[in-house]
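Asker: Have a look at the structure that comes next, please.
The values are calculated or read from the model by the stated rules, or taken from the named source; none is laboratory data. This is a predicted model, so every value here is computed, not measured. Note that each Cβ is placed from the backbone with ideal geometry, even for glycine, and that neighbours are counted across all protein chains shown.
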2 protein chains.
Amino acid sequence: MEAQQQHQHPYYPQSSPMPHYQPSQLKMSESLLTVGGSVVGLSLFAAFLIGRAKTPLTCKDKFVTIWMMVCTGIHIVLEGYFVYNHRELAGMQTLGADLWREYSHSDSRYLTSDPFTVIMEGITAVCDGPFAALTVYGILTDSPVRYVAQLITSLMQLYGDVLYMLTNAFEGYAYTNPHPFYFYGYFVMMNLPWIVIPLYLIRDAWLNIYRGMLIAKRATTVAKKNQ
Amino acid sequence: MEAQQQHQHPYYPQSSPMPHYQPSQLKMSESLLTVGGSVVGLSLFAAFLIGRAKTPLTCKDKFVTIWMMVCTGIHIVLEGYFVYNHRELAGMQTLGADLWREYSHSDSRYLTSDPFTVIMEGITAVCDGPFAALTVYGILTDSPVRYVAQLITSLMQLYGDVLYMLTNAFEGYAYTNPHPFYFYGYFVMMNLPWIVIPLYLIRDAWLNIYRGMLIAKRATTVAKKNQ
């Protein structure tokens, strides 16, 4: 009975040990507004940089710039916050903890220091974040680094998210509140963008690198003949 | 007492439930000889293809061809075998099961259908294997696909192996027999190649793609001016 009380929390599976759990004190609407505001702010900052870019950008370039800027912020700040605080997150009274406690209805592994989740998010914060920023730099300066950075960022995002979703699926979504709001609204809808957009951007990078390498090969062959 | 007997096996942590476990019947020396023979066979096949290639190959190209050929075999056959049979592996009397039972002294997650291990190995078998084969094709035919395939293969190998090693480290190597033979000889030495070589090949692909994209950019600029 005592053990049961100690583990009382609203997450799935309900047998998950979460002794530090404390309910959120802040209003969820305010927390979500802060995240929404940050995403809008990052997008506006990207738009500002796009406006100042000296190289002509296509509609797709602009979309990728904004996407990668928002990813940089989410990976480094939001996911970095989780990795740094994962041990105490379930009981902390901060905006960041509130957000993760809310998201955790769709995946309680964020509140139990699940090894895979912590390591995967650590890689995301430390690698995906900076590579997303490098992609933004590559687009804005028309650097040859652009597509290789875009490929690395998107492939890592895709790999991490596929592993993340499938490990939960493998256990019959045991970590997810089965209510459609949490299952579809949170677990599916908040992860699907990091499957679909990376797939598109990997294909885009692949095609552009392929074309670039073909042009380079021909140019090198012509240069050798002219020697 | 009964429960304890049911779980008796030589793996770590010894509390790991492994009701299907049966010791190997075959001689380990024969099993290892078969794997060694297969790796030599794949290397010889790669060498045969290298000999028939119409494009001049550097020493590095030849090394990458052999490496990716061996990786193709290991990912699709050996790791594919694990993924296909993970539920019964601990008790199967086959060469493949023997090999995994032996390796599992350094990581028992292979015998308990650990979700992360099964999904990660599934991605490795289904994606890394074919992309490694595509890299071989790219090198032998001097195709523009070579470095992008090399980058994708190596990045996925690196990501998978880093996650794999760190999730075990995160739990204090609880899944590993602490004897140096298993910890260093198996866990470290059998995984380190898939950290070190992918890092080198990612750097190599990065540099070559960067140079290719730079040449392509210049060639395109010149072509536009000449119009």
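Asker: Within segment B:139-159, can you find the residues that are of a type in the set (Gly, Ala, Ser) and crowded, with 23+ Cβ neighbours inside 10 Å? Break it down stepwise before answering.
Answerer: Here is the first cut: in segment B:139-159, the residues of a type in the set (Gly, Ala, Ser) are B:143, B:149, B:154.
The answer is B:ALA149, B:SER154.
Asker: Restrict the check to segment A:124-134 and report whether at least one residue is of a type in the set (A, V, I, L, M, F, W, C), at pLDDT below 95 and over 30 Å from A:CYS59 (Cβ atoms). Step through it out loud before you land on a result.
Answerer: Residues of segment A:124-134 that are of a type in the set (A, V, I, L, M, F, W, C), as a first pass: A:125-127, A:131-134.
Still in the running and at pLDDT below 95: none.
No, segment A:124-134 contains no residue that is of a type in the set (A, V, I, L, M, F, W, C), at pLDDT below 95 and over 30 Å from A:CYS59 (Cβ atoms).
Asker: In addition: Within the group A:SER24, A:SER31, A:SER16, which residue is part of a helix (DSSP H, G or I), of a type outside the set (A, V, I, L, M, F, W, C), more than 25 Å from A:LEU199 (Cα to Cα) and touching a residue at least 12 places away in the same chain (Cβ under 8 Å)?
Answerer: On the way: A:SER24 fails: part of a helix (DSSP H, G or I); A:SER16 fails: part of a helix (DSSP H, G or I).
A:SER31 is the lone residue from the list that is part of a helix (DSSP H, G or I), of a type outside the set (A, V, I, L, M, F, W, C), more than 25 Å from A:LEU199 (Cα to Cα) and touching a residue at least 12 places away in the same chain (Cβ under 8 Å).
Asker: Another question about this same structure. Please find, within segment B:86-121, the residue that is surrounded by the fewest Cβ atoms within 10 Å (Cβ to Cβ) out of those that are away from chain A (no Cβ under 14 Å) and hydrophobic (A, V, I, L, M, F, W, C). Steps first, answer last, please.
Answerer: Of segment B:86-121, the ones away from chain A (no Cβ under 14 Å) are B:88-106, B:108, B:110-111.
Pick out the ones that are also hydrophobic (A, V, I, L, M, F, W, C) and you get B:89-90, B:92, B:95, B:97, B:99-100, B:111.
Working: B:LEU89: 25, B:ALA90: 23, B:MET92: 17, B:LEU95: 15, B:ALA97: 23, B:LEU99: 22, B:TRP100: 22, B:LEU111: 25.
Here the residue is B:LEU95.
Asker: How do the pairs read when you match residues in segment B:134-157 that are within 8 Å of chain A (Cβ to nearest Cβ) with residues anywhere that are surrounded by fewer than 20 Cβ atoms within 10 Å (Cβ to Cβ) and among the charged types (D, E, K, R), using Cβ under 7 Å and keeping only pairs 6 or more apart or on different chains?
Answerer: From segment B:134-157, the pairs are B:PRO144/A:LYS217.
Asker: Check segment A:81-103 and report whether any residue there is polar (S, T, N, Q), closer than 22 Å to A:PRO193 by Cβ and in contact (Cβ under 8 Å) with a residue 12 or more places away in the chain. Walk me through how you get there before you give the answer.
Answerer: Initial filter on segment A:81-103 (polar (S, T, N, Q)): A:85, A:93-94.
Now drop any that are not closer than 22 Å to A:PRO193 by Cβ, which leaves none.
No: segment A:81-103 contains no residue that is polar (S, T, N, Q), closer than 22 Å to A:PRO193 by Cβ and in contact (Cβ under 8 Å) with a residue 12 or more places away in the chain.
Asker: Restricting the search to segment A:191-227, which residues are more than 10 Å from chain B (Cβ to nearest Cβ) and charged (D, E, K, R)? Before you say what the answer is, go through the steps one by one.
Answerer: First pass over segment A:191-227, keeping only residues more than 10 Å from chain B (Cβ to nearest Cβ): A:191-201, A:203-204, A:221, A:224-227.
Residues satisfying the conditions are A:ARG203, A:ASP204, A:LYS224, A:LYS225.
Asker: Could you list, in sequence order, the residues of segment B:165-180 that are within 9 Å of chain A (Cβ to nearest Cβ) and outside any helix (DSSP H, G or I)?
Answerer: B:GLU171
Asker: Counting just the residues of segment A:42-51 that are free of Cβ contacts under 8 Å to residues at least 60 places away in the same chain and more than 17 Å from the chain's Cα centre (by Cα), which one comes out nearest to A:THR141 (Cα to Cα)?
Answerer: So in segment A:42-51, the residues free of Cβ contacts under 8 Å to residues at least 60 places away in the same chain come out as A:42-45, A:47-48, A:51.
After this cut, where a residue has to be more than 17 Å from the chain's Cα centre (by Cα) as well, the list is A:44-45, A:47-48, A:51.
Details: A:LEU44: 18, A:PHE45: 16, A:ALA47: 15, A:PHE48: 14, A:GLY51: 12 Å.
Of everything passing the filter in segment A:42-51, A:GLY51 is nearest to A:THR141 (Cα to Cα).
Asker: Could you check, for segment B:190-199, whether at least one of its residues is at pLDDT 95 or above, farther than 19 Å from B:ILE66 by Cβ, under 17 Å from the mean Cα position of the chain (by Cα) and surrounded by 15 or more Cβ atoms within 10 Å (Cβ to Cβ)?
Answerer: Looking for residues that are at pLDDT 95 or above, farther than 19 Å from B:ILE66 by Cβ, under 17 Å from the mean Cα position of the chain (by Cα) and surrounded by 15 or more Cβ atoms within 10 Å (Cβ to Cβ), one finds at least one in segment B:190-199, hence yes.
Asker: Could I ask something else about it? For segment B:4-42, how many residues are in contact with a His (Cβ under 6 Å, 6 or more places away or on another chain) and at pLDDT below 85? Before you say what the answer is, go through the steps one by one.
Answerer: Kept after step one, since they are in contact with a His (Cβ under 6 Å, 6 or more places away or on another chain), are these residues of segment B:4-42: B:17-18, B:21.
Of the ones still in play, those that are also at pLDDT below 85 are none.
Residues meeting the conditions: 0.
Asker: Quick one: in segment B:36-79, which of the residues that are touching a Leu at 6+ places or on another chain (Cβ under 6 Å) and among the small types (Gly, Ala, Ser) is nearest to B:PRO193 (Cα to Cα)?
Answerer: If we take residues in segment B:36-79 being touching a Leu at 6+ places or on another chain (Cβ under 6 Å) and among the small types (Gly, Ala, Ser), then B:GLY73 is nearest to B:PRO193 (Cα to Cα).
Asker: Moving to a separate point now. Might you check whether a residue that is among the polar types (S, T, N, Q), part of a helix (DSSP H, G or I) and under 17 Å from the mean Cα position of the chain (by Cα) occurs anywhere in segment A:96-109? Spell out how you get there, then give the answer.
Answerer: In the first step, residues of segment A:96-109 are kept if they are among the polar types (S, T, N, Q); the result is A:104, A:106, A:108.
Those left that are additionally part of a helix (DSSP H, G or I): A:108.
Keeping just the survivors that are under 17 Å from the mean Cα position of the chain (by Cα) gives none.
Within segment A:96-109, none of the residues are among the polar types (S, T, N, Q), part of a helix (DSSP H, G or I) and under 17 Å from the mean Cα position of the chain (by Cα).
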